[in-house]
1. How many residues does the range C:158-167 hold that are out of contact with any Leu (no Cβ under 8 Å at 6 or more places or on another chain) and either within 14 Å of chain A (Cβ to nearest Cβ) or part of a helix (DSSP H, G or I) (or both)?
2. If I filter the range B:6-24 for residues that are part of a loop (DSSP other than H, G, I, E, B), touching a residue at least 24 places away in the same chain (Cβ under 8 Å) and at positive phi, do I get at least one hit?
3. Among the residues of the range C:187-237, how many are away from chain A (no Cβ under 13 Å), buried (at least 23 other Cβ atoms within 10 Å of the Cβ), within 16 Å of C:Ser74 (Cα to Cα) and among the small types (Gly, Ala, Ser)?
4. With the requirement that a residue be of a type outside the set (A, V, I, L, M), surrounded by 19 or more Cβ atoms within 10 Å (Cβ to Cβ) and closer than 20 Å to B:Asp180 by Cβ, what does the range B:54-77 give you?
5. Among the numbered criteria (1) within 14 Å of chain B (Cβ to nearest Cβ); (2) among the β-branched types (Val, Ile, Thr); (3) in a helix (DSSP H, G or I); (4) in contact (Cβ under 8 Å) with a residue 12 or more places away in the chain, which single criterion is violated by A:Thr155?
6. For the range C:219-229, give me the residue count where each residue is closer than 17 Å to C:Ser184 by Cα and either out of contact with any helix residue (DSSP H, G or I) (no Cβ under 7 Å at 6 or more places or on another chain) or modelled with pLDDT under 95 (or both).
7. Does at least one position in the range B:144-152 carry a residue that is under 23 Å from B:Gln43 (Cβ atoms), out of contact with any Pro (no Cβ under 7 Å at 6 or more places or on another chain), within 14 Å of chain C (Cβ to nearest Cβ) and not in a loop (DSSP other than H, G, I, E, B)?
8. Go through the range A:80-129 residue by residue and tally those that are hydrophobic (A, V, I, L, M, F, W, C) and in contact with a Leu (Cβ under 8 Å, 6 or more places away or on another chain).
Amino acid sequence: MGTFVLVHGAWHDGSAWDQTIRHLGSQGHPAFAPTMAGHGKSQPRNVDHRKCTDSIVRAIVERGLRDIILVGHSFGGTVVSKVAEQIPERIRRLVFLNAFVLQDGHSLVDEIPPSHAALFDRLSQESGDHTVMVPFSIWRESFVNDADLETARRTYGQLSPEPYQPCQDKLDLKKFYSLDTPRSFLNATEDIALPPGEWGWHPRMSARLGVYRLVAMPGSHEVMYTNPAGLAQKLIEAGRD
Amino acid sequence: MGTFVLVHGAWHDGSAWDQTIRHLGSQGHPAFAPTMAGHGKSQPRNVDHRKCTDSIVRAIVERGLRDIILVGHSFGGTVVSKVAEQIPERIRRLVFLNAFVLQDGHSLVDEIPPSHAALFDRLSQESGDHTVMVPFSIWRESFVNDADLETARRTYGQLSPEPYQPCQDKLDLKKFYSLDTPRSFLNATEDIALPPGEWGWHPRMSARLGVYRLVAMPGSHEVMYTNPAGLAQKLIEAGRD
Amino acid sequence: MGTFVLVHGAWHDGSAWDQTIRHLGSQGHPAFAPTMAGHGKSQPRNVDHRKCTDSIVRAIVERGLRDIILVGHSFGGTVVSKVAEQIPERIRRLVFLNAFVLQDGHSLVDEIPPSHAALFDRLSQESGDHTVMVPFSIWRESFVNDADLETARRTYGQLSPEPYQPCQDKLDLKKFYSLDTPRSFLNATEDIALPPGEWGWHPRMSARLGVYRLVAMPGSHEVMYTNPAGLAQKLIEAGRD
């Protein structure tokens with residue numbers, strides 16, 4: 001296998017994958033988790049989706065990585081889709097971990113329930129800097145529903161406000177949908193960050209991948225925090241040829 | 001954590017939770033399982049939904065219980081919803097275990113498939129005392145589908161006819177839907193007491209809870225019989241802050 | 001319990017069940033896996049659905065088997081439905097393992113997504129002998145998604161082209177739908193051979209069984225290859241009274 005490149009979602013930065021990288025490494029799989037532009041504590045937030053994508057492409061190219069298993073989590077799914085358009089020759093397989101697979105021409109905000117979009121719109125307007133922070137009560141119940149309260153608090157402390165522009169940018173994904181890069185969808189079965197059913201991750205997002213491999217594991221949207229060992233194992237199953 | 005109060009569903013009484021209480025206790029969690037009015041062997045059946053609710057409220061208040069994790073199973077979901085309206089200050093969290101979360105103004109019968117409602121209507125008319133008893137063949141296949149035949153028979157012997165009026169009473173749930181009590185939905189993933197899909201427990205019932213915590217476990221509608229140790233563990237995960 | 005009769009799906013023959021039979025046997029359950037007419041390496045392909053059914057009936061009757069747990073996998077579901085019409089008195093229970101439960105008057109092709117049907121139509125026309133072979137890329141991603149590449153290749157080598165006529169034959173299933181033979185649906189939860197959701201195995205197929213028992217296990221459409229020990233255990237749970 002190649003190198004895992006792990007692309008975080010909203011509010012996270014590359015450090016979210018620290019434990020997962022350790023478990024992948026202990027099984028002989030090198031892994032690398034760059035932080036997107038506009039993300040991470042104390043970084044400037046004035047980015048759009050293009051800058052997020054470009055920062056990941058640059059991190060991969062600068063390191064000379066090839067034969068990549070490119071993993072996108074949540075919002076990160078929109079980024080790995082665009083990364084795959086730019087450097088398809090470096091990517092051995094795409095893995096979407098409860099991640100957005102947007103329809104061509106859509107933004108992330110176009111594909112979440114209207115009540116979620118309204119909440120994010122309001123929060124971004126109140127933020128003063130066009131960012132959105134997930135409220136703790138929602139984080140605790142809907143994102144780390146498989147964690148104890150201490151873990152919920154500790155991990156919440158690792159988050160930082162999400163620049164909202166990349167979530168609003170409508171993406172041209174025609175090239176993505178023409179690629180024949182192998183792809184997997186890894187579904188954590190208790191993930192309710194998107195409400196199950198009509199608006200759920202699976203099979204709504206996964207079905208858009210055409211021929212894809214499904215891998216499932218128990219857990220919430222945040223298995224990199226609540227079960228990094230199990231996640232590493234399932235990433236290997238999702239990422240292998 | 002507080003005290004678990006476990007509210008049984010149709011055909012059951014408080015003794016259905018005996019093994020679950022033992023497992024909760026062995027992990028340091030006190031638990032109490034009252035029997036609703038009109039339920040239990042040899043009790044008179046002439047009750048309505050209000051009497052069911054009042055009997056649970058009385059059991060809680062008489063014992064002076066506070067900081068309650070109030071768990072409702074199946075029909076018990078309709079009762080804990082109304083209990084929460086009466087004594088919200090005593091309830092730390094609501095847990096719906098494959099339970100009805102009725103829409104305001106609906107009865108339980110309004111929210112089951114028409115073929116089920118027709119069967120219950122017929123059985124109640126034939127009963128002579130406005131009760132319904134689940135036929136053994138349905139119990140064995142659709143309620144304890146994860147049990148062996150001996151367990152299916154033994155547990156069927158613990159059931160008693162369900163007063164039908166509480167299932168027909170339309171409930172005013174406006175106050176319930178205004179409460180901000182934290183709530184969880186615990187889903188046993190092989191439960192087919194309601195048919196999966198359009199009429200299924202999850203996400204049909206769970207989605208009505210607004211912001212809620214999802215916890216899942218393998219098993220049938222009757223995990224208190226078929227896997228009480230696993231149920232106790234998942235109740236702790238569903239019930240913690 | 002009785003004897004398990006295991007009926008394979010498309011592209012397979014009776015040898016697909018070799019390991020499952022070994023595990024069933026080690027737990028004291030005799031099992032037998034006939035190969036349908038028109039299936040197996042080097043067998044002539046000019047069969048229709050009736051010949052497939054008759055060959056299984058003959059295999060059962062010749063061996064004098066009674067008290068059968070009749071298991072159908074995938075396409076095999078259409079065959080066990082018709083076998084049950086012919087020899088209901090020999091069948092103790094039907095088990096559908098991610099199998100087709102066709103509507104009366106339908107063919108298998110009528111009940112798969114239009115894009116799948118179009119692919120099969122094209123492949124059968126190109127075959128020269130009215131057969132269809134699943135492409136390896138689809139086998140690897142959508143059928144044995146829980147296998148490693150070596151297992152995917154090895155098992156693909158055990159397949160042979162499927163006669164297409166039996167998939168196109170429209171079946172009269174009125175008698176099947178009048179039978180009261182107990183029935184179970186065993187669902188491998190990561191099966192994407194049919195796309196989950198609108199076209200998925202469960203609950204679309206299972207719901208047609210009326211009162212049925214649901215049993216679930218992790219895994220792909222091909223758990224007889226990827227987890228025969230787990231499959232044997234779940235067949236026992238699905239097959240018991």
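The values are calculated or read from the model by the stated rules, or taken from the named source; none is laboratory data. In this text the structure is predicted, and so the values were computed from the model without any measurement. Methodologically, a virtual Cβ is constructed for each residue, glycine included, from the backbone with ideal geometry; neighbour enumeration extends over all protein chains shown.
1. The first filter runs over the range C:158-167 and keeps only residues out of contact with any Leu (no Cβ under 8 Å at 6 or more places or on another chain), leaving C:158-165.
Narrowing further to those that are either within 14 Å of chain A (Cβ to nearest Cβ) or part of a helix (DSSP H, G or I) (or both): C:165.
Qualifying residue count for the region: 1.
2. Let us first name the residues in the range B:6-24 that are part of a loop (DSSP other than H, G, I, E, B), namely B:8-13.
From what is left, the residues that are touching a residue at least 24 places away in the same chain (Cβ under 8 Å) are B:8-13.
Keeping just the survivors that are at positive phi gives B:11.
Yes, the range B:6-24 contains at least one residue that is part of a loop (DSSP other than H, G, I, E, B), touching a residue at least 24 places away in the same chain (Cβ under 8 Å) and at positive phi.
3. So the answer is 1.
4. Scanning the range B:54-77 gives B:Gly72, B:Gly77.
5. (1)
6. Here the count works out to 0.
7. Start the filter on the range B:144-152 by keeping residues that are under 23 Å from B:Gln43 (Cβ atoms), which leaves none.
Checking the range B:144-152: not a single residue is under 23 Å from B:Gln43 (Cβ atoms), out of contact with any Pro (no Cβ under 7 Å at 6 or more places or on another chain), within 14 Å of chain C (Cβ to nearest Cβ) and not in a loop (DSSP other than H, G, I, E, B).
8. 13
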